[in-house]
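Heads up: the structure comes next, in structure tokens.
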Amino acid sequence: MIYDNLTIIIPTLNEEGSIGTLISELKRRYGGVSIIVTDDNSTDSTRDIVLGMKSRYGGVTFLDRRKKRNHGLTASVVDAASMVHTEYIVVMDGDLQHPPYVVKYLYAALRTHDIAVGIRRKVKNWGAYRMLLSKGITAITIFIFMLRRKRIVSDPMSGFFGVRAAIFKRVIRDNPDGFVPGGYKVLLDLLRMVGPGVTIAEIGYNTFHARRYGRSKLRLHHMVDVLRSAMR
Ligand SMILES: Nc1nc2c(ncn2[C@@H]2O[C@H](COP(=O)(O)OP(=O)(O)OP(=O)(O)O)[C@@H](O)[C@H]2O)c(=O)[nH]1
Ligand SMILES: [Mg+2]
């Protein structure tokens with residue numbers, strides 16, 4: 001199978017421990033795929049590793065966002081989406097928490113759905129605090145979306161999803177201030193704004209492990225942003 005109509009967007013901030021392995025694995029599995037690494041001024045060797053991958057495989061873009069005004073995970077993904085020339089997009093993290101084999105299922109689901117969301121069925125090695133925080137915010141978010149009669153999925157905090165490029169670009173174009181640039185949950189913003197007519201697939205996968213390489217960039221204020229985003 002040739003994946004030349006798919007672009008994988010990977011936001012990074014200091015992911016030298018994992019980004020090389022991730023790109024090699026994606027290129028090995030998905031021939032013809034385009035990859036955009038959208039980077040917010042990593043100070044480790046992320047940039048050099050990605051540029052090495054670019055000359056080795058082709059079809060790899062390093063989006064250098066050092067000079068941009070808006071930094072943040074969501075801003076980086078939105079920025080990269082505007083560069084995409086393929087029909088389908090998958091967004092995934094650069095720390096190997098999202099299993100590369102799941103991309104195949106997200107991609108397959110995009111043939112019949114507008115959005116496909118990777119749903120974490122099992123989470124391993126998260127401490128009690130992280131688990132409780134995640135579960136609590138997920139429950140509140142689902143409740144808010146249901147009250148507002150908006151489409152929602154069982155794991156709205158997922159950072160692993162696919163979307164038809166035309167839909168993502170339309171939502172970005174029609175809602176210039178709709179995304180929370182410094183936020184962490186670009187999927188949640190997308191679901192809030194995409195409208196009722198879309199079809200959404202949930203793709204469950206085992207197992208989501210706690211981060212094994214590099215450091216977490218998640219802060220408590222990102223979780224507060226989630227609630228702000230849900231209520232916008
Ligand atoms: N471009 C960009 N990428 C970011 C930023 N913050 C985090 N990232 C990347 O976004 C992805 C998700 O961030 P993580 O720190 O892994 O967040 P998380 O998975 O919720 O938290 P952990 O479970 O602790 O890893 C990773 O690939 C990060 O490198 C940012 O400000 N800009
Ligand atoms: Mg992570």
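Report, by chain and number, residues whose modeled amide H sits under 5 Å from the one on residue 32, excluding near sequence neighbours (fewer than 5 apart, same chain).
Those qualifying (amide H under 5 Å, at least 5 residues apart or on another chain) are 3.
What is the ratio of the Cα radius of gyration of the stretch 6-231 to 2.2 N^0.38 Å, where N is its residue count, to two decimals?
That ratio works out to 0.95.
Quote the relative contact order of the stretch 1-82 in percent (integer), defining contacts as alpha-carbon pairs under 8 Å separated by 6+ residues.
Result for the stretch 1-82 is 35 percent.
When the Karplus curve 6.51 cos²θ - 1.76 cosθ + 1.60 is applied with θ = phi - 60°, which whole-Hz ³J(HN,Hα) does each residue of the stretch 115-126 get, with x for Gly and Pro?
9, 10, 10, x, 10, 6, 7, 10, 10, 10, 6, 8
Quick one: compute the contact order of the stretch 6-231, relative version, from alpha carbon pairs under 8 angstrom and 6+ residues apart, as a percent.
This gives 26 percent for the stretch 6-231.
Output wanted: per-residue J couplings in Hz (rounded whole) for the stretch 215-228, from phi through Karplus 6.51 cos²θ - 1.76 cosθ + 1.60, θ = phi - 60°, x for Gly and Pro.
Listing the rounded values in order: 10, 5, 10, 6, 10, 4, 5, 5, 5, 5, 4, 4, 5, 4 Hz.
Give me 120, 65, 28, 151 ranked fewest to most by other Cβ atoms within 10 Å of their Cβ, as a rough exposure proxy.
28, 151, 120, 65
Here is the link list: 27/169; 122/150; 67/124; 67/104; 54/217; 68/122. Which ones come out longer than 31 Å on Cα distance?
67/124; 67/104; 68/122
Residue by residue through the stretch 132-141, which ³J(HN,Hα) values in whole Hz follow from phi under the Karplus form 6.51 cos²θ - 1.76 cosθ + 1.60 (θ = phi - 60°), with glycine and proline marked x?
5, 4, 5, 5, x, 5, 4, 4, 5, 5
Out of residues 5 or more away from residue 199 or on other chains, whose amide H comes under 5 Å of its own, with H placed 1.01 Å from N in the peptide plane?
114, 115
Quick one: which residues, 5+ away or cross-chain, put their amide H under 5 Å from the amide H of residue 14? H built at 1.01 Å from N.
42, 43, 44
Taking the number of other C-beta atoms within 10 Å as the exposure measure, put 222, 98 in order starting with the fewest.
Going from least to most buried by this count: 222, 98.
Suppose each label sits 7 Å from its Cα in the direction of the beta carbon; what would the residue 227-residue 128 distance come out to in nanometres?
Distance between the two pseudo-spin positions: 2.2 nm.
Bear in mind that the values in this text are calculations on the coordinates, not laboratory data. Only a predicted model underlies this, so the values are computations on that prediction, with no experimental measurement involved. Using ideal geometry, Cβ is built from the backbone for each residue, glycine included, and neighbour counts are taken over all protein chains shown.
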